[in-house]
1. Quick check for me: using +1 on Lys/Arg Cβ and -1 on Asp/Glu Cβ, what's the dipole size of the chain about its Cα centre, in debye to the nearest 20?
2. How large is ³J(HN,Hα), in whole Hz, for each residue of region 115-131 in order, when computed from phi with the Karplus curve 6.51 cos²θ - 1.76 cosθ + 1.60 and θ = phi - 60°, using x for Gly and Pro?
3. Provide the packing ranking of 152-164, 37-49, i.e. peptides ordered by the mean count of other C-beta atoms within 10 Å per residue, highest first.
4. Give me a comma-separated list of calculated 3J(HN,Hα) values for region 178-194, in order, Karplus coefficients 6.51, -1.76, 1.60 applied at θ = phi - 60°, integers in Hz, x for any Gly or Pro.
5. Taking Cα centroids, how far is region 157-200 from region 287-308 in Å?
6. Have a look at V168, G208, V194 and report the one farthest towards the positive end of the charge dipole of region 153-214, computed about the Cα centre with Cβ charges (Lys/Arg +1, Asp/Glu -1).
7. Dividing the convex hull volume of the alpha carbon atoms of the chain by its residue count, what do you get in Å³ per residue?
8. Amide H of R98 versus every other amide H placed in the peptide plane: which residues, excluding those fewer than 5 positions away on the same chain, fall under 5 Å?
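Each value in this text was obtained by applying a stated rule to the coordinates, not by laboratory testing. Just so it is clear, the model here is predicted, and its values are computed rather than measured. When we count neighbours, we look across all protein chains shown, and the Cβ atoms used for this are built from the backbone with ideal geometry, even at glycine.
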Amino acid sequence: MSGSNQASLWQRWVRQPQKTWLRRALFQAHLWSGIVFGLYVLMISVTGSVLVYSNELYRAATAQRAASKGSGPQLTDEQLADAARRLYPGYQVVRMARLATLDQVDVWLSRDGRIKKRLFDPWSGRDLGDSVPTGIWAVSTLIDLHDNLLAGPAGRKVNGLGAIAVLVLAVTGLGIWWPGIKTWRRSLNLPRGVGWKRGVWHLHSMIGFWSFAFTVVFGLSGIYLAYPDWMQNWADRLQPPTPANAGSRIVDRLIYWLAYLHFGRICGIGIPCKGPGLCDQTTKAVWALFGLAPAVMFVTGVILWWNRVLHPWLAHTNRAVRSSTVPAS
């Protein structure tokens, strides 16, 4: 492409981007990326926002178990094992750990490859319930879903590809959002009196613009968490390590903050907002709110797709079917 054509494309993009091939290309990339990865984006957005409060969820799920009130000598390990085997016939005790802080005993029992983890009263041998409460299991499973898609290291690699898709959606969405130099300010808020269909478009565009920076951080940090070695190698090429810059490289600081900002927990060294309190809770609320932006974008995007593409196509198909079945006079 010649310099004059490039200048002409740039001028049209600045003034009337709707008429350029570039915007049409960005729209198609954005549309099909949303269709292919939309449900993934919805899941990762909602789980990520919930897990901003993972510490609070763990505390809520870990209801303090009442310590045993027995007195006198405790049962021996063999006596506790006998009590466990009587309660669970056919099981063998494979692990036993006395929890001094709770005056309880963690007993693992195995049969046919299945493990039961139970707590027992060290004085009476009474079964006190699961070692791992259901709430703890639910929170841990939610974390594993968000981090690894419940598939271990392979799932984390797939998550990295999902993070790349999130970046593609954010960048192409920003390109589609640009309305032109004369009207761009009007695209920063919701106009009135435009009807609900047009209102959904403006809502989609507005949320995409205001959440763009957060979405980029979430996407880049998601790539780093999935492929830390690759990103570190890239940083080393960008700013090779030398004795002179050891401990002071800009790329190391960027990677540190990129990973740190993924979680929205502001309690680190050198950060003014430390420990639980209003500052920490406000930060978490902001992260949770902007973390939900991709989910809202998915919902509004589906509505736009239905209004602009799917519903007209279905209506046209139905008309064609009806017309083909009308008997000739």
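1. Working: 35 positive and 16 negative charges, 360 e Å.
Taking the Cα centre of the chain as origin, the dipole is about 1720 debye.
2. 10, 10, 10, 10, 9, 10, 6, x, 9, 9, x, 7, 6, 9, x, 5, 5
3. Numbers: 152-164: 15.9, 37-49: 18.8.
For the peptides 152-164, 37-49, the packing ranking is 37-49, 152-164.
4. 4, x, x, 5, 7, 10, 5, 5, 5, 8, 8, 9, 8, x, 9, x, 10
5. The distance from the Cα centre of region 157-200 to that of region 287-308 comes to 10 Å.
6. Towards the positive end, the residue furthest out is V194.
7. Working: hull volume 101.8 nm³, N = 329.
So the per-residue hull volume is 309 Å³.
8. Sorted by chain and number, the residues that satisfy this are D106.
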